[in-house]
Protein chains: 2
Amino acid sequence: MSKTGIIALLYKHLPEQCVLSRAEELRPYECDGLSAYRQLPMVVVIPETLEQVQSTLRLCSEQKVPVVARGAGTGLSGGALPLAGGVLLVLSRFNRILEIDTQNRVAQVQPGVTNLAISEAAEPYGLYYAPDPSSQIACSIGGNVAENAGGIHCLKYGLTVHNILSLEVLTMEGEAITIGSQALDSPGYDLLALMTGSEGLLAVITGVTVKLLPRPETAQVVLAAFGSVEAAGAAVTAVIASGIIPAGLELLDRPAIHAVEKFKHCGYPVDAAAILLCEVDGTREDVTAQTGQVNRVFRQAGAFEQRVSHNEEERQEFWAGRKAAFPAMGRLSPDYYCMDGTIPRKHLAFVLNEIETLSKEYGLPICNVFHAGDGNLHPLILYDANQPGELERTEELGGKILELCISVGGTITGEHGVGLEKINQMCVQFNTAELQQFHAVKQAFDPEQLLNPGKAIPTLHRCAEFGALHVHDGKLPHPELERF
Amino acid sequence: MSKTGIIALLYKHLPEQCVLSRAEELRPYECDGLSAYRQLPMVVVIPETLEQVQSTLRLCSEQKVPVVARGAGTGLSGGALPLAGGVLLVLSRFNRILEIDTQNRVAQVQPGVTNLAISEAAEPYGLYYAPDPSSQIACSIGGNVAENAGGIHCLKYGLTVHNILSLEVLTMEGEAITIGSQALDSPGYDLLALMTGSEGLLAVITGVTVKLLPRPETAQVVLAAFGSVEAAGAAVTAVIASGIIPAGLELLDRPAIHAVEKFKHCGYPVDAAAILLCEVDGTREDVTAQTGQVNRVFRQAGAFEQRVSHNEEERQEFWAGRKAAFPAMGRLSPDYYCMDGTIPRKHLAFVLNEIETLSKEYGLPICNVFHAGDGNLHPLILYDANQPGELERTEELGGKILELCISVGGTITGEHGVGLEKINQMCVQFNTAELQQFHAVKQAFDPEQLLNPGKAIPTLHRCAEFGALHVHDGKLPHPELERF
């Protein structure tokens, strides 16, 4: 059916205010948080009821129209990039918290509820929802599930997958399925984890039951400065090996410290090659004991300066610089590109040194601000999109960093997902048998390949091409997307 | 190909000591831990190398011979019950611990290594593997993964799925696939969780990377006696709601207390309607603080007697009765049947009362000894298999208990898996669309339905029949198994 035909059908089945089809209405939806990729959708559908989501899916399924689901659009890997020939299904109106069950410590929420809103609603009961992506004020829980979002505190409290109990989803055919349960274990295959992080390729999330945790009694941060990234990397390993599981353990390298200090003046030691911020939380007794232990470990690992927050205000000050790191990059450079890879902790120093070498080779500065405790790197490549070829060089450098992560036994994503951004590196991460197995799973949920096609899992054809692929002429080839 | 033909082919491809085909050699393999179900396999293969596993699978795949993988055979849901026309693939010779990596706190092990052997090997480094099924001295990690095993401490430390990082598996075609990684998150679909608890239906596990945790500095147990199961149930909810996550929180009801006391004389209060055993672990400061808190909560919930273990010896004594509960049943009754269902904690008292009603209705005594903290029930039905019809009445009663769990929003398994035992209740737990989705996932891994067919996921045909199914003549119909 023609584009006009599809749009007419949608208007016929849905209230007028739920369908956007004029170019100026579509513009706000042309990209997600990774704005280097842009594409206007054929049409945007913003349903208000489950029945409307269902009839949109049924209609698209019948007409073989691809569907990209979108939450708040804060994703950083292009997972919600629209398709020129597809429907962008926006779930933002599903923004209600349906129940806070304090006895079972769970909340039932709609997918468009923001991450932070859940914790705010649970606050009167002394509870909160643990995963805390940087975008938590804006990002919505449906997208958190789709990308298996993390955050500073996921070292201790786990990723999204560890903090949800069940999902309501609709298949591409509009069939309603409940996945998981309120119990610890579920019979049958564990589709809950399979669905979490599946980047919108398997089903559309229409409801989430999240776990709520009691707010820790108190928290304290140790800031330690090191003369080399090697020493800081070794300190990270030593803290974990000592048996402490910090609530958060973040590393800033010298370029990041300087960028932050210029912008925020938060008093970070500018003579350090790297600083660590280590937060512990729990009961007062426990926090005091663990803070002492962290201090001892950092001292033994060669820290030349150590500070401990003594009250909530100081704790917030310690974090202020870390939290301002991304805006600070905007001062240093017209554009920056935030990478996301994960490596075994013990290779931290090696990988940071290799990244520095790559940075020099490509002539592009890189700052490192990241979740060191779980080995989740976020190298920020500074570039200027107005300089011809610089975006392409940046993306090539980013790809090299991801391949470096793979080479030490790591992976190409920690919490941002693969989306469109890292799809080529999936060919490096997985062998043919593994990719075929992924495709077989996709087939089991969406045999017509209509849900978010071209993202997350590369075709074998793409991988064959990637063997010799180089980005040129400022155009990234995405053959799977061109189908639509 | 004929049975003799298949066996001849196996002898041709494998060393003689790896193939068992005489009836007396097959006998030890006729059942797993659920001995109510027995079936001699066509042939047993006990490979010694990965290549032998691979060639067995390739051969079976080509000849369309079904394969049931088996670890230590301690499973309690008949998941490793052989097929008359199938190969029983025994992985017990893969019993080596390949690496203990203390820096990353992981161990790489073969599937036949026992659960306890991992903790023993990690002990010199102050580490251990957290999940602790009752059978941990015998059960092997491959089976733990296949059934997503739990244990007393999974309330705090999670099930198997939360304690492993990656798997090496072979598909039915003998293709090697690595699933998961040593990093916190993995790109692509989360096949690690999908594989965990898939009861041998998706692939054969040939290697496991498990997480190791630092041994807690100390642990303490609070024993509290209650005058009613309602009060004990409310105390469980109150402990969790107070923000404590106990390392273990177990409940024994009156029949269980009496059974244990007759057998073990461990001094449990025999006038109690229920007792709770609540263990907390961690640093000394933390344990002292939490023990106090647990005591306060239990007092407020109406405990009429409370004791705290003051040293390791006392702690072991407190647990001795709980650990002897299953053998104690053997004193009371010639046979017992251990059920396994999970319910939301807040329904504990209601469900225990309903179970008591069912027990009276069927004239079969039931003792309850279970993981109350995570709502994982283990009703033990006492019966005598030599009394005509009593096994069948027991199984019917067991089915009713599982359906009761489902009716309050729970599930039909906590840690034992579905296997053959609970396959009918899967029809109650899931609707047609959900079961179809499970079958589609199976199709994605094993399109010929050769891996452990007839277990875990019922056919839609079986569910249609189950609508009116009643067990009669002492024979449980298992139509899917009859194919082989």
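Residue-by-condition table, conditions (1) touching a helix residue (DSSP H, G or I) at 6+ places or on another chain (Cβ under 8 Å); (2) on the phi > 0 side of the Ramachandran plot:
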{"site": "A:Ile366", "(1), (2)": "yes, no"}
{"site": "A:Gly373", "(1), (2)": "yes, no"}
{"site": "A:Leu380", "(1), (2)": "yes, no"}
{"site": "A:Lys400", "(1), (2)": "yes, no"}
{"site": "A:Cys405", "(1), (2)": "yes, no"}
{"site": "A:Gly409", "(1), (2)": "yes, yes"}
{"site": "A:Asp446", "(1), (2)": "no, no"}
{"site": "A:Lys455", "(1), (2)": "yes, no"}
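For segment A:185-277, list the helices (runs of 4 or more DSSP H) that sit wholly inside it and hold at least 1 residues that are farther than 30 Å from A:Arg58 by Cβ; which are they? So that I can check it myself, show each step before the final result.
On the way: elements: A:191-195, A:229-241, A:254-264.
Of the helices (runs of 4 or more DSSP H) lying wholly inside segment A:185-277, those with at least 1 residues that are farther than 30 Å from A:Arg58 by Cβ span A:229-241, A:254-264.
Residues B:Val260, B:Val229: which one is open to solvent by less than 10 Å² (accessible area, probe 1.4 Å) and either within 27 Å of the chain's Cα centre (by Cα) or within 14 Å of chain A (Cβ to nearest Cβ) (or both)? Walk me through how you get there before you give the answer.
Numbers: B:Val229 fails: open to solvent by less than 10 Å² (accessible area, probe 1.4 Å).
Result of the check over B:Val260, B:Val229: B:Val260.
Would you confirm, using the coordinates I've provided, whether A:Val204 is assigned by TED's automatic domain parsing to the domain that holds A:Gly142 and open to solvent by less than 20 Å² (accessible area, probe 1.4 Å)? Walk me through how you get there before you give the answer.
On the way: assigned by TED's automatic domain parsing to the domain that holds A:Gly142: yes; open to solvent by less than 20 Å² (accessible area, probe 1.4 Å): yes.
Answer is yes for this residue.
Just to be sure before I move on: is B:Gly248 in contact (Cβ under 8 Å) with a residue 40 or more places away in the chain, open to solvent by 10 Å² or more (accessible area, probe 1.4 Å), within 30 Å of B:Ser140 (Cα to Cα) and within 14 Å of another protein chain (Cβ to nearest Cβ) in the structure I sent? Break it down into steps so the answer makes sense when it comes.
Numbers: in contact (Cβ under 8 Å) with a residue 40 or more places away in the chain: yes; open to solvent by 10 Å² or more (accessible area, probe 1.4 Å): no; within 30 Å of B:Ser140 (Cα to Cα): yes; within 14 Å of another protein chain (Cβ to nearest Cβ): yes.
No.
Answer yes or no as to whether A:Gly143 is more than 13 Å from chain B (Cβ to nearest Cβ) and not basic (Lys, Arg). Walk me through it before giving the result.
Details: more than 13 Å from chain B (Cβ to nearest Cβ): yes; not basic (Lys, Arg): yes.
For A:Gly143, the condition - more than 13 Å from chain B (Cβ to nearest Cβ) and not basic (Lys, Arg) - is met.
Only one of B:Leu14, B:Leu34 is among the aliphatic types (A, V, I, L, M), within 23 Å of the chain's Cα centre (by Cα) and surrounded by fewer than 23 Cβ atoms within 10 Å (Cβ to Cβ). Can you tell me which? Can you show your working first?
Numbers: B:Leu14 fails: within 23 Å of the chain's Cα centre (by Cα).
The match here is B:Leu34.
Suppose we filter A:Glu48, A:Glu62, A:Glu24, A:Glu99 for residues that are modelled with pLDDT under 95 and either touching a Cys at 6+ places or on another chain (Cβ under 7 Å) or open to solvent by 60 Å² or more (accessible area, probe 1.4 Å) (or both); which single one remains? Step through it out loud before you land on a result.
Numbers: A:Glu48 fails: modelled with pLDDT under 95; A:Glu62 fails: modelled with pLDDT under 95; A:Glu99 fails: modelled with pLDDT under 95.
Just a single option satisfies the conditions, and that option is A:Glu24.
Has segment A:428-442 got any residue that is more than 8 Å from chain B (Cβ to nearest Cβ), more than 23 Å from B:Met195 (Cα to Cα) and either open to solvent by less than 10 Å² (accessible area, probe 1.4 Å) or in contact (Cβ under 8 Å) with a residue 12 or more places away in the chain (or both)?
no
For segment A:90-101, which residues satisfy the criterion of being hydrophobic (A, V, I, L, M, F, W, C) and more than 20 Å from the chain's Cα centre (by Cα)?
Initially, segment A:90-101 is screened for residues hydrophobic (A, V, I, L, M, F, W, C), giving A:90-91, A:94, A:97-98, A:100.
Passing the criteria: A:Phe94, A:Ile97, A:Leu98, A:Ile100.
If a residue has to be within 14 Å of chain B (Cβ to nearest Cβ) and without any contact (Cβ under 8 Å) to a residue 40 or more places away in the chain to count, how many in segment A:376-398 make the cut?
Taking segment A:376-398 first, the residues within 14 Å of chain B (Cβ to nearest Cβ) are A:376-378.
When the remaining residues are screened for being without any contact (Cβ under 8 Å) to a residue 40 or more places away in the chain, the result is A:377.
The qualifying residues number 1.
Report, by residue number, each residue of segment A:148-206 that is more than 9 Å from chain B (Cβ to nearest Cβ) and over 26 Å from A:Arg93 (Cβ atoms).
Residues satisfying the conditions are A:Ile152, A:His153, A:Lys156, A:Tyr157.
Kindly indicate whether any position in segment A:381-397 is surrounded by 15 or more Cβ atoms within 10 Å (Cβ to Cβ), modelled with pLDDT of 90 or more, of a type in the set (Asp, Glu) and touching a strand residue (DSSP E or B) at 6+ places or on another chain (Cβ under 6 Å).
yes
When only residues in segment A:124-173 that are over 27 Å from A:Leu59 (Cβ atoms) and of a type in the set (D, E, K, R) count, which is most open to solvent (accessible area, probe 1.4 Å)?
The residue in question is A:Lys156.
The values are calculated or read from the model by the stated rules, or taken from the named source; none is laboratory data. Since we're looking at a predicted model, the values are computed, not measured. For neighbour counting, all protein chains shown are included, and Cβ atoms are generated from backbone atoms with ideal geometry for every residue, glycine included. With ligands, DNA and RNA removed, areas are computed over all heavy atoms of the protein, side chains included. Shrake-Rupley method; radii C 1.70, N 1.55, O 1.52, S 1.80 Å.
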